[in-house]
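S.K.: Handing you a structure now.
Derivation of every value follows stated rules applied to the coordinates shown; laboratory data play no part. Because the structure is a prediction, the values reported are computed rather than measured. Here the Cβ is made from the backbone with ideal geometry for all residues, glycine too, and neighbour counts use every protein chain on show.
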Amino acid sequence: MKNSLKIFVVDNGGQWTHREWRVLRDLGVETKIIPNSVPLQEIDADGLVLSGGAARINWETLNLGKISEYLDEAKFPILGICLGHQFMALHFKGTVSPSATPEFGKMQVDIKSDSPIFKGLPRKFIAWESHNDEIQTLPKGFEITASSQNCRIQAMHHVSKPLYGLQFHPEVEDTEFGEDIFKNFVEICEKHKVRGSKHVQR
Amino acid sequence: MFNAEKFVTEETARLKGHVKGNAIIACSGGVDSTVAAAIAKEAIGDRLVTVYVDTGFMRKGESESIKRMLEKIGLNLRFVEAGDEFFEALKGVTEPEHKRKVIGEKFIRIFERIAKEEKAKYLIQGTIAPDWIESGGGARDTIKSHHNVGGLPKEVGLEIVEPLRDLYKDEVRKVAKFLNVEVHERQPFPGPGLAIRVLGDLTRENVEIAREANAIMEEELEKAHKEKKITKPWQYFAVLLPVKSVGVHGDARNYGYMIALRAVESVDGMSASYSKLPHEILDKISVRITNSLGKSVNRVVYDITNKPPGTIEFE
């Protein structure tokens, strides 16, 4: 089953983009890193991970490659990490701006509501952070799934679409349960794919 | 999961198909370049010439022991003594990015020279993922220009081949173990060597201080590890800081430099946490450094920064 599952990593210029690729590869998923300029129709995947990046988005303009197109039209699950998470919020009319207290390195994350992405995780765990900006207001249709002391929207998901955002970095070796989070995302993509194909058969 | 055997088979075949004619491999004796050399040797045999450059920034006794190790693996070795050249090129250079670029260029000019003599068209390097990731380019910011990637000059008269490009250190170690290359447990040591462990002027005197401090740090930690007092950190070293502070030596005022000790735990070098070393060991290192280097150093500090926000090396 997993052999045929394809989850690609969209590169927004992050230091850990290649780590995301590595974790997916280690989980036995078919994966590759693609630039964020690839049109959606050329992406033959069952899920996407939007990487972080150093870009300080001009928070007024919505421009990060073709990511808006993916978020609007993709039929598969999307996991945004750091900049990918922030851009997801921005795209759906949330707001993002510089953090009052940026977080770098070790931080405790508290899970605030059940989410398939956190399945099987303890309510508190240590995650690695690296961000100057953060989501200030939640976009419509999303709910907060985790917070930290200095960052209220540490994680979010859409209430009905398979869209997930994480401010922290599950791909980093030092993050606790990081691989479990990826496993959960793989499972989400798998389920989605099965449901999709049944739908087509019907 | 990463499969070392499969990787070696595929990479050897790829190199065999790709490298036509002679090639040189830039080898520092560290785990990355030595593994790359072992794979390249497997692929192209005697057409491979291994080049080791003594930059003048190597650790105590390093060049001699590496020479022995590389010869043992059976690599056809060219040993280049280039200390004077490097010191000359780095005179007055203190800005870390500038420093790394000067070093990267110097390395390449030496490799070009040797390649010409050996009639080689290819330069094989042990570049691994963090080297090109941190060097930046495109959408990615430059954290530090690794000498073998971002530190390269614009024009290089050789085709660069990088068999380990997609691997991290822990994976390279697995390959080393599979190939039975004895370096697999060696701690990472950056290509620019002690040049990036001396902040400020790169004089021979300053480099000697850093060399001695690094030797003490390594000896003490390796001893403590042998005595089972600690698990060996992923990387451990000493840095000479260009900052002076006041001390007291034999009832007299002293004004000397500072050594920062750093030891970190990591898997892949892309994130790290500082090692919680026992005070007893830190104490021993501090006493040894301030005594044996007392003429120049009167203070030792321990770096308690994780990555991020810090990087592992200081520059």
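S.K.: Give me the distance between the Cα centres of the stretch B:265-315 and the stretch A:1-33, rounded to whole Å.
M.R.: So the separation of the two Cα centres works out to 35 Å.
S.K.: Taking other Cβ within 10 Å of each residue's Cβ, how do B:Trp132, A:Trp128 sort, fewest first?
M.R.: So the residues, fewest neighbours to most, are B:Trp132, A:Trp128.
S.K.: Give the lysines whose C-alpha is closer than 19 Å to that of B:Lys232, dropping any in the same chain fewer than 8 places away, or say none.
M.R.: Reachable lysines: B:Lys169, B:Lys174, B:Lys177, B:Lys223, B:Lys276, B:Lys284, B:Lys307.
S.K.: Under the rule of -39500 (n - 2.57) per DSSP H run of 4 or more residues, summed and divided by the residues of chain B, what mean residue ellipticity at 222 nm is obtained, to the nearest 500 deg cm²/dmol? Could you put the intermediate results ahead of the total?
M.R.: Values: 9 runs with 126 residues, N = 315.
Here the helix-only value at 222 nm equals -13000 deg cm²/dmol.
S.K.: On to the next question. Distances longer than 28 Å among the Cα atoms of the protein assembly as shown: what percent of all pairs is that? Could you put the intermediate results ahead of the total?
M.R.: Numbers: 78636 of 133386 pairs.
That tail contains 59 percent of the Cα-Cα pairs.
S.K.: If you don't mind, another one. Using the 2.2 N^0.38 Å rule of thumb for compact globular proteins, work out how the stretch A:3-142 stacks up: its C-alpha Rg over that value, please.
M.R.: Details: Rg = 15.1 Å, N = 140, 2.2 N^0.38 = 14.4 Å.
Dividing the Cα radius of gyration by 2.2 N^0.38 Å gives 1.05.
S.K.: Moving to a separate point now. Provide the percentage of antiparallel DSSP beta bridges, counting only those with both residues in chain B; round to the nearest 5.
M.R.: Working: 17 of 39 bridges.
About 45 percent, rounded to the nearest 5.
S.K.: Roughly speaking, what is the centre-to-centre gap between the stretch B:46-68 and the stretch B:89-132 when only Cα atoms are used, to the nearest Å?
M.R.: 15
S.K.: If you put +1 on each Lys and Arg Cβ and -1 on each Asp and Glu Cβ, how big is the dipole of chain A around its Cα centre, in Debye rounded to 20?
M.R.: Numbers: 24 positive and 26 negative charges, 133 e Å.
For this selection, approximately 640 debye.
S.K.: Per residue of chain A, what 222 nm ellipticity follows from adding -39500 (n - 2.57) for every DSSP H run with n ≥ 4, rounded to the nearest 500?
M.R.: Numbers: 4 runs with 50 residues, N = 202.
For chain A, the value works out to -8000 deg cm²/dmol.
S.K.: Of all the C-alpha pairs in the stretch B:109-162, what % are more than 13 Å from each other? List each step's numbers first, then the result.
M.R.: Details: 876 of 1431 pairs.
It works out to 61 percent of all Cα pairs.
S.K.: Write down, largest first, the equivalent ellipsoid semi-axes of the stretch B:39-124 in whole Å, where each equals the square root of 5 times an eigenvalue of the alpha-carbon gyration tensor. Please list the in-between numbers first.
M.R.: Numbers: eigenvalues 131, 55, 22 Å².
Equivalent ellipsoid semi-axes, largest first: 26, 17, 10 Å.
S.K.: Continuing with the same structure: Taking the alpha-carbon centroid of each part, what is the distance from the stretch B:1-27 to the stretch A:162-176 in angstrom?
M.R.: Here the two parts' Cα centres lie 34 Å apart.
S.K.: At q = 0.09, 0.13, 0.17, 0.18 Å⁻¹, what base-10 log of I(q)/I(0) does the Debye formula yield for the stretch B:4-185 when every alpha carbon is treated as an equal point scatterer in vacuo?
M.R.: With no solvent term, the Cα-only Debye profile gives -0.30, -0.65, -1.15, -1.29.
S.K.: Next question. Give me P(r) over the stretch A:54-202, computed from all C-alpha to C-alpha distances, binned every 10 Å, as integer percentages.
M.R.: Histogramming the stretch A:54-202 at 10 Å steps yields 11, 43, 35, 10, 2, 0 percent.
S.K.: Using square roots of five times the C-alpha gyration tensor eigenvalues, list the equivalent-ellipsoid semi-axes of chain B in whole Å, biggest first. Please report the intermediate quantities before stating the final value.
M.R.: Working: eigenvalues 235, 96, 64 Å².
Three semi-axes, in Å: 34, 22, 18.
S.K.: Give me the angle, in degrees from 0 to 90, between the Cα long axis of helix A:178-201 and the longest principal axis of the Cα atoms of chain A, rounded to the nearest 10.
M.R.: 40
S.K.: Mind checking the mean number of beta-carbon atoms from other chains within 10 Å of the Cβ atoms in B:134-141?
M.R.: Numbers: counts 1, 0, 3, 1, 3, 14, 10, 6.
Mean partner-chain Cβ count within 10 Å for B:134-141: 5.
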